[in-house]
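Participant: One structure coming up, written as structure tokens, with questions to follow.
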Amino acid sequence: MVQGLVDSSGSSFTPLVVVELAPDTKEEAIAWLQNRITDQQQSGGAELLVEQLGPGVGAQEKENPNMFLVGATWQRLLSGAEELGLFKEFNDGSMRAFTFANKHNFKDFEGDGDSFLSMAECQYIIKHELDTLRARDETHVPGHTEAKLYPGKSIVRRLQSKGILIQIFPLHDQEELKRLSFSWYKKVKLSFQPLDAIRHYYGEGQALYFGFLEYFTLALVPMALIGVPYYLFDWEGYDKYVVFAAFNLVWCTVILELWKRCSASLAYQWGTLSRKKAFEEPRSGFHGVLGFNPVTGREEPLYPNAKRQMRIYLVSLPFVLLCLYLSLYVMMIYFLMEGWALSLHEEDPTFWTGILLFVPSIIYAVVIEIMNFIYRYAAEFLTEWENHRLESSYQNHLVLKVLVFNFFNCFASLFYIAFVMQDMVLLRQSLATLLITSQILNQFMEAFLPYWLQRRRNKKMIRKIQKAATLQDIELPLAEQVRLEADMSTYLGTFDDYLELFLLFGYVSLFSCVYPLAAVLVVLNNITEVYSDAFKMCRVFKRPFSDPAANIGVWQLAFEAMSVIAVVTNSALIGMSPQVKAYFSESETQLILWTVAIEHGLLAVKFILTFLIPNVPKHIQIKLARLEFESLEALKKKRQLHGGKCLKPRSSARAAGEEGRRPRRY
């Protein structure tokens, strides 16, 4: 457990969140921020508890003294849970938005409710309360005249943009982290991941990623089991892979539709499926001319949409097209190298020239990873420069840029070999080399390198702690735990993890009929990915704030788009097989027409399957409909009690079973 503290007012609390200010922050700014954090909500404060972190063991002068621990009373946390509309399990088994008036009707609420909320939920509530601190009549941050403030604007975002606030991060719970680590990655086991425990500790967004990773791995098992005998017994017969390609067509559609149902079940169980999305505030990096927002009525920066569109279409789009051209140019160099190696082997076939045949593909795979890495930073810079107001808009444009380039960079050569050169032996060799090389590089970059860098950063701190400790298994002092976690790498989210799975899904769904072992390699990669990602989350990165996600977001659309491309690709590969060509030996035009017709028919079947398989299981639909009915009944009773006046609840789910209105303060 995190050690308890006592704040300046004498109230005891468990520190949950760390706020680190710059070492040169003025004293008046620190006092002002502390007052705003601890002030009552009626006065515009967050009504939280805060205490400055003391010096650590063997404290040094270079240690930042401006580190603060933030917590809250349980009454305040429960109040925040209602304000955020957190869904919890009701006594009847349904998931409902928490209300303080009905707190004892929720499952697991006992006594004062001091164990009702998970630590991740408490930290999420505190982060939300800090983010919603608004400037009132202050014109600038006290002591920092350059940091101007505007009425109604977020204080925390302004402090971050001006470099006064370095970071805000949630603390780890060492005991709970040990239990999670042991059940997650410290023992090799043939069982499912502890998704509920991951969700409890890290939140729904992280749990959904690991849930999708697990689901994708299990979905690949049939492909792997079928692929092994195809690879072993039909190595030379490309025409035999027609059946495998047909299986591919059904597989890539069905697994994505079934994942929607699985995702909906998890989201309902975790209380995020019906949760209302909070009003999205402007990004911290958003800038513009000061004006009034017509929706909120608050004064905030405004930026013309026409100017943003000009930046997108006149700068970002040409840049992306230029990068695609460079990728195409590098691909042609790869084919020249491939031809040179092949000519050497044909002139004098030896063991070494046989090995040389694989060298161009390995070099090309490494170059692809380097180009993807460089382009990622360029895409982030361009998307930031486009000045999107909302974080969701920023993420959508960034994902689109990165996906287009990565898809072209990773798959263009395979499409060229398959449909222009029509060399299936080279296609098989190139796919195997690209897949194996990219997996080795990704495992090195994602697992070994971060661990090695983090070990170097932490070695000095750990030595200092061990030297000061007199017992071997002494509990890590709070000050040292905070400073140790503050130096850890910041977790940047699941973007790169989903991107890797997207590319692996592409390798399997597009061309595994030519190289059936692709599914086997991806299964092995995903198994190691589970353990390496779990290790990074528990040992390398700071603990991220909970992300109450209901699905995998825009990545679902990305995977579905890939499945559509897979239908077209596999249909074309089937049409190119010698076995199919033999039926249309007299008319190539007729072959093309039949291939296109079958491809359109398969796409129609795909969309019919999408329509027939409901996204939400029937039993969950019934529970949601029952909850909506109870909400309407509760609203009718409220109207009758108030003389027929229409009272609009903050959410329909929150109105269900609510007996009275909670007092605003506790």
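The values are calculated or read from the model by the stated rules, or taken from the named source; none is laboratory data. As the structure is a computational prediction, the values presented were derived from the model and not from experiment. In this analysis, Cβ positions are derived from the backbone assuming ideal geometry, glycine residues included, and neighbour counts consider all displayed protein chains.
Participant: Show the residue pairs meeting these rules: Cβ distance below 7 Å; 6+ apart or different chains; first residue within region 144-160 and touching a residue at least 24 places away in the same chain (Cβ under 8 Å); second residue buried (at least 18 other Cβ atoms within 10 Å of the Cβ) and part of a helix (DSSP H, G or I).
Facilitator: Listed by first residue and then by second, the contacts come to His144/Ala29; Ile155/Arg36; Val156/Leu130.
Participant: Surrounded by fewer than 14 Cβ atoms within 10 Å (Cβ to Cβ) and of a type in the set (Gly, Ala, Ser): is that true of Ser343 in this structure?
Facilitator: Yes, satisfied.
Participant: Shifting gears a bit: Can you find a residue in region 510-518 that is within 23 Å of Gly211 (Cα to Cα), at pLDDT 85 or above and in the same structural domain as Leu398 (by TED's automatic domain parsing)?
Facilitator: Checking region 510-518: at least one residue is within 23 Å of Gly211 (Cα to Cα), at pLDDT 85 or above and in the same structural domain as Leu398 (by TED's automatic domain parsing).
Participant: Looking at Phe607, Phe559, Phe545, Phe584, which is the one that is under 30 Å from Lys88 (Cα atoms) and assigned by TED's automatic domain parsing to the domain that holds Leu400?
Facilitator: From the options Phe607, Phe559, Phe545, Phe584, the qualifying one is Phe545.
Participant: Related question: Name the pairs: first residue in region 328-344 and over 22 Å from Glu369 (Cα atoms) and outside the structural domain of Tyr416 (by TED's automatic domain parsing), second residue part of a helix (DSSP H, G or I) and hydroxyl-bearing (Ser, Thr, Tyr), Cβ to Cβ under 9 Å, at least 6 apart or on different chains?
Facilitator: none
Participant: Next question. Which ones in region 32-50 are modelled with pLDDT of 85 or more, of a type outside the set (S, T, N, Q) and either surrounded by fewer than 18 Cβ atoms within 10 Å (Cβ to Cβ) or not in a strand (DSSP E or B) (or both)?
Facilitator: Trp32, Leu33, Arg36, Ile37, Asp39, Gly45, Ala46, Glu47, Leu48, listed by residue number.
Participant: Right, Asp108: of a type in the set (Asp, Glu) and without any contact (Cβ under 8 Å) to a residue 24 or more places away in the chain or not?
Facilitator: When the stated conditions are applied, Asp108 passes them.
Participant: Any chance you could count how many residues in region 324-357 are in contact with a helix residue (DSSP H, G or I) (Cβ under 6 Å, 6 or more places away or on another chain) and assigned to a loop (DSSP other than H, G, I, E, B)?
Facilitator: Counting residues in region 324-357 that are in contact with a helix residue (DSSP H, G or I) (Cβ under 6 Å, 6 or more places away or on another chain) and assigned to a loop (DSSP other than H, G, I, E, B) gives 1.
Participant: While we're on this one: Please enumerate the residues belonging to region 416-431 that are surrounded by 16 or more Cβ atoms within 10 Å (Cβ to Cβ) and in contact (Cβ under 8 Å) with a residue 40 or more places away in the chain.
Facilitator: Result: Tyr416, Ala418, Met424, Leu426, Leu427, Arg428, Gln429, Ser430, Leu431.
Participant: Let me ask something else. Is it the case, given these coordinates, that Ser438 is assigned to a helix (DSSP H, G or I), over 28 Å from the mean Cα position of the chain (by Cα), surrounded by 15 or more Cβ atoms within 10 Å (Cβ to Cβ) and polar (S, T, N, Q)?
Facilitator: Here the answer is no, as Ser438 does not meet what is asked.
Participant: Name the single residue, out of those in region 526-581 being of a type in the set (Ser, Thr, Tyr) and more than 19 Å from the chain's Cα centre (by Cα), that is farthest from Val425 (Cα to Cα).
Facilitator: Here the residue is Ser563.
Participant: Could you list, ordered by first residue, the pairs with Cβ atoms under 6 Å in which the first is in region 298-327 and of a type in the set (Ser, Thr, Tyr) and the second is assigned to a helix (DSSP H, G or I), at least 6 apart or interchain?
Facilitator: Listed by first residue and then by second, the contacts come to Ser316/Leu382; Ser327/Phe408; Ser327/Asn409.
Participant: Among the residues of region 556-573, are any at pLDDT 75 or above, in a loop (DSSP other than H, G, I, E, B) and surrounded by 11 or more Cβ atoms within 10 Å (Cβ to Cβ)?
Facilitator: No, because not a single residue in region 556-573 is at pLDDT 75 or above, in a loop (DSSP other than H, G, I, E, B) and surrounded by 11 or more Cβ atoms within 10 Å (Cβ to Cβ).
Participant: Would you check if Leu603 is surrounded by fewer than 14 Cβ atoms within 10 Å (Cβ to Cβ) and either without any contact (Cβ under 8 Å) to a residue 40 or more places away in the chain or in contact with a strand residue (DSSP E or B) (Cβ under 7 Å, 6 or more places away or on another chain) (or both)?
Facilitator: No; evaluated as a whole, the condition is false for this residue.
Participant: Does region 351-371 contain at least one residue that is buried (at least 20 other Cβ atoms within 10 Å of the Cβ), among the aromatic types (Phe, Trp, Tyr) and either at pLDDT 90 or above or closer than 25 Å to Ile552 by Cα (or both)?
Facilitator: No, every residue in region 351-371 fails to be buried (at least 20 other Cβ atoms within 10 Å of the Cβ), among the aromatic types (Phe, Trp, Tyr) and either at pLDDT 90 or above or closer than 25 Å to Ile552 by Cα (or both).
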